[in-house]
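Structure provided below as structure tokens; questions to follow.
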Amino acid sequence: MALDGFFSHPTAVYTVPFGVIVPAAIDNLLIPVPVSGSHIGFSTLRMEPCWMALGQAAGVAASLSIEHGKSIRETDIEALQEKLMDQKATLIYYQDMIPEDKDFAMVQKLGLRGYIPEWKARLDEETDKESAEEWSRLSGISIPEGMQRREALKLIYEQTIVQ
């Protein structure tokens with residue numbers, strides 16, 4: 001059986017930027033279904049869970065826009081992310097995390113900043129050399145190899161995000 005134009009390529013965890021639902025030429029409109037994406041990007045964006053998440057983000061963004069008297073383009077992305085997490089939305093997917101986990105928000109926020117690019121957060125494992133070096137570079141904090149990932153990420157979170 002031949003599938004014309006079909007290809008499959010494994011990829012890492014990724015997020016969908018808010019800008020895909022904000023049209024370039026029309027102000028104060030959100031379009032969570034006819035998003036701006038290539039034919040390749042659209043192959044995952046068209047899935048119902050993604051559409052539901054985009055619709056939720058659009059609704060929250062519209063609410064923030066009205067509440068703060070600002071245009072959609074002026075949406076504070078961090079405030080949008082906070083509201084979505086308050087609603088138990090998953091902004092970046094990890095196979096070993098659910099919204100009810102006590103460290104869910106921390107993992108989400110650090111994942112969005114590039115600290116956890118894998119499919120699993122692996123909070124109970126030790127930090128390997130590569131992760132320790134990358135986290136130290138990203139945060140400016142010395143993270144030792146072998147430290148529990150949860151503790152290393154908490155240290156980074158508390159010193160760089162929660163202030």
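The values are calculated or read from the model by the stated rules, or taken from the named source; none is laboratory data. Quick caveat, the model's predicted, so the values are computed rather than measured. Note that each Cβ is placed from the backbone with ideal geometry, even for glycine, and that neighbours are counted across all protein chains shown. Just the protein is used for accessible areas: all its heavy atoms, side chains included, with ligands, DNA and RNA removed. Shrake-Rupley method; radii C 1.70, N 1.55, O 1.52, S 1.80 Å.
Is there any pair linking a residue in the stretch 45-64 that is under 11 Å from LEU30 (Cα atoms) to one that is surrounded by 15 or more Cβ atoms within 10 Å (Cβ to Cβ) and among the polar types (S, T, N, Q), with Cβ under 8 Å and at least six apart or on different chains, and which?
Matching pairs, first to second residue: ALA61/THR75.
Only one of these is open to solvent by less than 40 Å² (accessible area, probe 1.4 Å), part of a helix (DSSP H, G or I), at pLDDT 95 or above and over 20 Å from TYR14 (Cα atoms): SER131, SER65. Name it.
SER65
Further question: Count, please, the residues in the stretch 81-114 that happen to be open to solvent by less than 20 Å² (accessible area, probe 1.4 Å) and in a loop (DSSP other than H, G, I, E, B).
4
Where the second residue is at pLDDT below 90 and of a type in the set (Phe, Trp, Tyr) and the first is more than 20 Å from GLU78 (Cα to Cα) and lies in the stretch 17-39, which pairs have Cβ atoms under 8 Å and are six or more apart or on separate chains?
Hits for this filter: VAL33/TRP51; VAL35/PHE42.
Might you let me know whether the stretch 13-26 holds any residue that is modelled with pLDDT under 85 and open to solvent by 70 Å² or more (accessible area, probe 1.4 Å)?
Yes: the stretch 13-26 contains one or more residues that are modelled with pLDDT under 85 and open to solvent by 70 Å² or more (accessible area, probe 1.4 Å).
Sticking with this one: Can you tell which of GLU118, GLU78 is outside any loop (DSSP other than H, G, I, E, B), closer than 22 Å to GLU158 by Cα, of a type in the set (D, E, K, R) and at pLDDT below 95? It would help to see each step written out before you state the result.
Details: GLU118 fails: outside any loop (DSSP other than H, G, I, E, B).
Sole residue among the options that is outside any loop (DSSP other than H, G, I, E, B), closer than 22 Å to GLU158 by Cα, of a type in the set (D, E, K, R) and at pLDDT below 95: GLU78.
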